[in-house]
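Below is one structure, written out as structure tokens; the observations come after it.
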Amino acid sequence: MTANLLDFDLEGLAAFCERLGEKRFRATQLFRWIHQKGAADFDQMSDLAKSLRAKLHGSAHVSGLPVLSCTESADGTIKWLFDVGHGDAVETVFIPEDDRGTLCISSQAGCAVGCRFCSTGHQGFSRNLSTGEILAQLWYAEHHLRKRLGKVDERVISNVVMMGMGEPLQNYNALVPALRAMLDDHGYGLSRRRVTVSTSGVVPMIDRLGQDCPVALAVSLHAPNDALRDHLVPLNRKYPLAELLAACERYLAHAPRDFITFEYCMLDGVNDQPEHARQLIELVRGHRWADGRVGLPCKFNLIPFNPFPESGLMRSPAGRVSEFAALLSDAGIVTTVRKTRGDDIAAACGQLAGDVKDRTQVVERMARRRVVMIHPETPPPSRTKKAEA
Ligand code: SF4
């Protein structure tokens with residue numbers, strides 16, 4: 001079997017070249033051809049020695065993922081569905097804005113976390129993507145869009161968010177080399193501040209990411225107290241809010257940004273009441289650091305829910321989202337409301353891929369476990385210390 005060179009960061013590719021009896025600097029040339037020029041054909045790589053190209057033909061290949069579908073929204077958002085084999089598919093979304101182009105990438109086929117409001121979570125977990133399958137999404141999108149926009153040597157994707165299907169920190173070993181290739185100046189040359197890993201709260205891996213490859217961190221919070229979060233994000237039972245916030249605090253020592261982004265999906269009648277906003281304020285402003293400081297630097301991103309039938313949940317009315325945002329902002333917390341993009345093509349994240357493979361047993365299990373909490377008991381968070389003025 002030959003190696004897919006998309007599976008390597010630069011260090012991994014250098015080791016591969018050494019195994020072929022080549023100097024490490026050959027890896028830099030190869031890496032640039034693959035990631036900066038989008039080349040997959042070794043014969044196209046004109047500055048590589050013929051002898052190396054011959055070795056590569058016998059030992060390696062550069063293979064992206066087959067595209068099952070590509071849908072484009074009226075607002076310019078593009079959603080690709082990639083085939084990852086055995087009936088599994090993953091979604092990748094490009095979101096163009098005036099000052100940036102953001103690519104939302106998947107890290108797993110399905111997801112084991114099972115968040116109540118997430119279409120991917122309702123499908124269950126199939127498998128981890130390889131580094132090559134994670135990078136193939138960026139590799140394809142970047143070079144496809146360059147050709148399409150006639151910008152052959154100009155970068156189109158300026159930001160990457162690991163917010164597609166899957167929990168990236170539960171696929172850590174494949175994720176980190178992919179992140180390194182994104183950041184590498186010989187690869188995509190993205191700034192650490194513009195690559196974001198979004199996690200539902202895998203605490204030990206947040207710590208490891210801070211050591212191994214600190215990029216911007218977004219935490220899917222979605223609830224202001226453990227009772228509610230246990231229901232919405234089942235991983236909370238393993239890593240409750242106090243542990244999660246402590247991990248965020250530790251991460252800030254390494255992070256390229258001096259705040260953590262908290263994602264908060266607004267669910268009608270579930271987590272969108274003024275009391276929930278007040279609890280959130282108390283949670284983050286009252287967070288006490290190990291060294292005695294008080295208050296966790298953070299930003300909130302409120303996300304209008306994309307309803308899908310199996311969830312039994314509804315999107316919060318726009319007025320309530322605005323009121324919720326105002327409560328957080330008035331407490332001095334930077335708060336944004338995510339613009340809904342690609343509504344006409346996307347439906348809920350993961351829904352297109354779910355249509356490819358309906359793991360019926362998982363869907364039935366989720367339906368049995370579903371808890372629709374209109375006004376759940378919401379005991380106050382255990383940390384109630386006053387925030388710093
Ligand atoms: S929100 Fe993220 S972590 Fe939760 S089920 Fe969906 S993909 Fe998994």
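Work out, step by step, the length gained on full extension between residue 54 and residue 29: first 0.36 nm times the residue separation, then minus their alpha carbon distance; give nm to one decimal.
7.4 nm
Taking the beta-carbon count within 10 Å as an exposure proxy, list 276, 61 from fewest neighbours to most.
With the fewest neighbours first, 276, 61 line up as 61, 276.
Once label points are set 7 Å from the Cα along Cα→Cβ at both residue 344 and residue 191, what is their separation, rounded to one decimal in nm?
Modelled inter-label distance: 3.3 nm.
Multiplying the sequence separation of residue 331 and residue 46 by 0.36 nm and subtracting their Cα-Cα distance, what value in nm do you get?
Gain on stretching residue 331 to residue 46: 96.7 nm.
Would you mind calculating the gained length between residue 237 and residue 320 on full extension (0.36 nm times residue separation, minus the Cα-Cα distance), in nm to one decimal?
27.0 nm
Which value in nm describes the separation of the simple spin-label points at residue 212 and residue 20, placed 7 Å from the Cα toward the beta carbon?
For residue 212 paired with residue 20, the spin-label model returns 2.6 nm.
Roughly how tilted is helix 203-212, in degrees to the nearest 10 and between 0 and 90, from the longest Cα axis of the chain?
Between helix and principal axis, roughly 40 degrees.
What does the convex hull of the Cα atoms come to per residue for segment 121-260, in Å³?
121
Give the aspartates and glutamates whose C-alpha is closer than 12 Å to that of residue 339, dropping any in the same chain fewer than 8 places away, or say none.
75, 97
Need one number: % antiparallel among DSSP beta bridges in the chain, to the nearest 5.
Among the beta bridges of the chain, antiparallel pairing accounts for roughly 45 percent.
Could you size up the charge dipole of segment 70-198 around its Cα centre, putting +1 on the beta carbon of Lys and Arg and -1 on that of Asp and Glu, and report it in debye to the nearest 20?
Result for segment 70-198 is approximately 180 debye, rounded to the nearest 20.
Running Debye on segment 15-54 with equal point scatterers at the Cα sites and no solvent, what base-10 log of I(q)/I(0) appears at q = 0.24, 0.29 Å⁻¹?
For segment 15-54, the Cα-only Debye profile gives -0.78, -1.08.
Given the alpha-carbon gyration tensor of the chain, what are the semi-axes of its equivalent ellipsoid in whole angstrom, ordered largest first, with each equal to the square root of 5 times an eigenvalue?
Result for the chain: semi-axes of 38, 23, 19 Å.
Output the Kirkwood hydrodynamic radius of segment 1-109, Cα pairs only, in Å rounded to one decimal.
Radius from the Kirkwood sum: 15.9 Å.
Past 26 Å, Cα to Cα: identify those pairs from 23/50; 50/147; 55/151, in the order given.
Exceeds cut-off: 50/147; 55/151.
Most fluctuating residue of 120, 71, 199 in a GNM of the chain with Cα springs under 10 Å: which is it?
Taking springs between Cα atoms under 10 Å, the residue moving most is 71.
Only loop residues by DSSP count here, and only those with at most 11 other Cβ atoms within 10 Å; note down the trypsin sites (Lys or Arg not before Pro) in segment 173-278 that meet that.
Here the sparse-neighbourhood loop sites are 238.
Could you pull out the longest piece of the chain with no exposed loop GluC sites (Glu not before Pro) in it, calling a site exposed if DSSP puts it outside H, G, I, E, B and it has at most 12 other Cβ atoms within 10 Å?
155-376
What relative contact order, as a whole-number percentage, does the chain give when Cα pairs under 8 Å and 6 or more residues apart are counted?
Relative CO of the chain lands at 17 percent.
Given labels modelled 7 Å from the Cα in the Cβ direction, how far is it in nm from residue 275 to residue 83?
Rounded to a tenth, the inter-label distance reads 5.2 nm.
We did not get these values from a lab; they are worked out from the coordinates using the rules stated. On a predicted model such as this, the values are computed, not experimentally measured, just so you know. Glycine also receives a Cβ, built like all others from the backbone with ideal geometry; neighbour counts cover every protein chain displayed.
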